[in-house]
Ligand SMILES: *Cc1c(COP(=O)(O)O)cnc(C)c1O
């Protein structure tokens, strides 16, 4: 018989009762170092006192009023995001897929409203992940996710990741823009090279199309900058955000330049929950922490420390670890053929370390952005023990 909770996920047999900072524990007090952060989402760690107090205070006043009224918390959050980024205007929603849907709608609308209604197609990249709605499945282009869900939504043209010639060849009379993750997350923690990002920006300018970046996973401080595209010194036309932007409270956003945002007039786009007092209070609390002096520098510093430690693991386990890649505190350990990332993930759980598998046989580390170098070292020790167990023939037999 089917489980009451629909069986759409492969869940580990672990349930957490509470957490604090980078730690989570079960009801029977087994402690885990959380280097997954609910898939790059609980960026302030668990039970962050400022986030908890802000949510509790706001919940006791008013949670939701709809967008029929002004929402001061949303106005303030939008103003702060505008001040801290390339953007002129922000739309709030509830998830990454929803932010991407709205972002593609904004790009299409901008083309239609400026006399180019034939331009509606987006160029996307192999290895991308943009979410699970019907259109974002098409943007993601992964046959495994598309299978059985009917005709693929029109308007997405996928090309190899990182290839500027392929991009220039793919731009046609119907192309409205490029949809790109500055660092691919689910696809295997693959950063686009900074030169590629600059080249994409230049090609978009040359052909008069829009650059839309999916910063759902790599944004909000995770790369060591508030937004990952800042590492390349470029300005996109529009970006999507979610995951870390609410610190674990559901919140998504579209951040856009005025030339894109001004076409989403009243009645063109909306969402009931989007930008509620409660969600935006959480978003403001996250910004209070992330915009404090030294916070992003610390993400960068601890990220480099963790990276160096992972390179050490690569040296110690040459037969297991093939590559270390990523940016800031979104790092991937690419494992050798024959060592499944899911086996490594299971061994890490055995050592009290939570990680997330990603594409291309990568073990993804996305710890809370508040971790210390000591916690990074603790994770490295645990990962070292997990890899040592994987290297033992007996462990391989047991795992197989
Ligand atoms: C997680 C993710 C999404 C989808 O976000 P949801 O909140 O699950 O809809 C989209 N794009 C990227 C890059 C992501 O990592």
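Bear in mind these aren't lab numbers, they're just calculated from the coordinates by the rules spelled out. Owing to the predicted nature of the structure, the values given are computational and were not obtained by experimental measurement. Neighbour counts are summed over all protein chains in view; Cβ atoms, including those assigned to glycine, are modelled from backbone coordinates with ideal geometry.
Worth a mention:
- Degrees separating the helix 373-391 axis from the principal Cα axis of the chain, which is the longest one: 60
- Cα shape, the range 1-142, gyration tensor, a/c 1.5 rule: oblate
- 0 to 90° range, to nearest 10: angle between helix 341-350 axis and the chain longest Cα axis: 60
- For peptides 362-374, 56-68, sequence by mean Cβ density within 10 Å, most packed first: 362-374, 56-68
- Mean-position separation - Cα centroids, the range 84-133 and the range 301-374, in angstrom: 31
- Contact order relative to length of the chain, as percent, for alpha carbon pairs under 8 angstrom and 6 or more apart: 22
- In terms of its C-alpha gyration tensor, the range 74-176 comes out prolate, because a/c is 1.5 or above and the ratio a/b outweighs b/c.
- Distance distribution note for the range 49-290: the fraction of Cα pairs above 27 angstrom is 32%.
- For residue 315 and residue 194, the difference between the fully extended length at 0.36 nm per residue and the C-alpha to C-alpha distance is 40.9 nm.
- Centroid-to-centroid separation of the range 244-292 and the range 1-35 [C-alpha atoms, Å]: 28
- Note on residue 259/residue 385: beta-carbon distance plugged into 1/(1 + (r/R0)^6) with R0 of 45 Å gives a FRET efficiency of 0.30.
- Ranked packing of 4-10, 385-391, 276-282, most packed first, by mean Cβ within 10 Å: 276-282, 385-391, 4-10
- Take every DSSP beta bridge whose two residues both sit in the chain; close to 65 percent of them are antiparallel.
- Judged by the mean number of other Cβ atoms found within 10 Å, the most tightly packed of the peptides 129-138, 316-325 leads the ranking 129-138, 316-325.
- Note on the chain: GNM, Cα springs under 10 Å; of 12, 78, 285, the largest mean-square fluctuation is that of 12.
- Relative to the longest principal axis of the Cα atoms of the chain, the long axis of helix 72-83 lies at roughly 90 degrees.
- Radius of gyration over Kirkwood radius for the range 236-315, both on Cα atoms: the Rg/Rh ratio is 1.13.
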